[in-house]
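The structure appears right after this line, and notes come after that.
The values are calculated or read from the model by the stated rules, or taken from the named source; none is laboratory data. Quick caveat: nothing in here was measured; it's all calculated off a predicted structure. Cβ coordinates were reconstructed from backbone atoms using ideal geometry, including for glycine residues, and neighbour counts include every protein chain displayed. Side chains included, ligands, DNA and RNA excluded: accessible areas come from the protein's heavy atoms. Shrake-Rupley method; radii C 1.70, N 1.55, O 1.52, S 1.80 Å.
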Amino acid sequence: MRGALIGITGNWAHFRKPETSNNPLSHDFITKTALIGLIGAVLGIERTEMKALFPQLSDDLLYGVQVRNAVRKQSWGFTNRSVSDAFAKAPKQMELIRDPSYYVLLGLANERSASLFDQFITHIKAQEAHFTPILGLHNCPAELKFVRQGTIDFVADGPFETKGFIEKEQLKVSENFRIGFERIPSYQNDDFWNLPDKYKQVVYPSETETRQRSLSATGPHYIFTDQSQWVLI
């Protein structure tokens, strides 16, 4: 399987948990569905066309995330005003991630989406984007950096170490540092709805202030060209 490693950074990010609509909370890192939206922005694909591409790319692409700094969240207050009554105020709190930084490994699992995959990588290499890529919100622009391309090999079972996330049941031992737990969407249908049965329970190393931590795990995983080991969903 062909793959590419991409660096994604920004000042702020918000990847909304859909069950927290009134005072939105954020996932700890970029989700697969948010990444697909970012791909659409880079390629200049309009929202109406993305409706059909979300389920396609959810199936055809695999992704893994390495959180490269400590996850720090802050809540910010906003005052919403009604269109019909400009004097009606509705205070709202929103959770934002400060200084997000990720390595994302993107794998092409189905050649049906090869053209979109290749176009995206070409744009990242050239540092070009049709629309501003964002980290969940339009006032959270993203900086994208091409790191390397290569091949991704699947290993059906066995022990491995990774700096990215793993599925919860793969955790091998209790680590002597803080780990984070997340439930993230892996599939969005053509109504922009994250299907509940497609969520994944994952674990990731969350203490990275001094050095990149690794998780020891066992089970199915992938090996990239640079010999780094990943779990991809």
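Annotations
- Residue ID - surrounded by the fewest Cβ atoms within 10 Å (Cβ to Cβ), chosen from residues in the range 1-15 that are touching a Gly at 6+ places or on another chain (Cβ under 6 Å) and hydrophobic (A, V, I, L, M, F, W, C): Met1
- Residue tally, condition open to solvent by 10 Å² or more (accessible area, probe 1.4 Å) and under 24 Å from Leu57 (Cα atoms), over the range 16-26: 4
- Selection status of Asn176, among the polar types (S, T, N, Q), surrounded by fewer than 15 Cβ atoms within 10 Å (Cβ to Cβ), modelled with pLDDT under 95 and out of contact with any Gly (no Cβ under 6 Å at 6 or more places or on another chain): yes
- Screening Met94 on (1) modelled with pLDDT of 95 or more; (2) touching a Ser or Thr at 6+ places or on another chain (Cβ under 8 Å); (3) aliphatic (A, V, I, L, M); (4) farther than 18 Å from Ala142 by Cα shows it passes everything except condition (1).
- On the stretch given as the range 110-127, residues that are touching a residue at least 12 places away in the same chain (Cβ under 8 Å), out of contact with any Leu (no Cβ under 9 Å at 6 or more places or on another chain) and farther than 11 Å from Asp60 by Cβ total 1.
- Selection within the range 101-120: residues that are assigned to a strand (DSSP E or B) and hydrophobic (A, V, I, L, M, F, W, C). The member of this set that is farthest from Pro205 (Cα to Cα) is Leu108.
- Each residue in the range 1-44 was checked for being modelled with pLDDT of 95 or more, among the small types (Gly, Ala, Ser) and in a loop (DSSP other than H, G, I, E, B), and 2 of them qualify.
- Residues of the range 32-77 satisfying the condition of being charged (D, E, K, R) and open to solvent by less than 20 Å² (accessible area, probe 1.4 Å): Lys32, Asp60
- Matching residues, the range 124-145, being assigned to a loop (DSSP other than H, G, I, E, B) and surrounded by 14 or more Cβ atoms within 10 Å (Cβ to Cβ): Ala129, Phe131, Pro133, Leu135, Gly136, Leu137, Cys140, Ala142
- Applying the set (1) modelled with pLDDT of 95 or more; (2) over 25 Å from Ile166 (Cα atoms); (3) open to solvent by less than 50 Å² (accessible area, probe 1.4 Å) to Ser115 leaves exactly one unmet item: (3).
Residue by residue, here is whether (1) open to solvent by 40 Å² or more (accessible area, probe 1.4 Å); (2) in a loop (DSSP other than H, G, I, E, B); (3) free of Cβ contacts under 8 Å to residues at least 60 places away in the same chain holds:
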residue	(1), (2), (3)
Glu182	no, no, no
Asp191	yes, yes, no
Asp197	yes, no, yes
Lys200	yes, no, yes
Val203	no, no, yes
Arg213	yes, yes, yes
Ala217	no, no, yes
Gln227	yes, yes, yes
Leu232	no, yes, no
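- Residue check for Phe29: surrounded by 23 or more Cβ atoms within 10 Å (Cβ to Cβ) and within 15 Å of the chain's Cα centre (by Cα): yes
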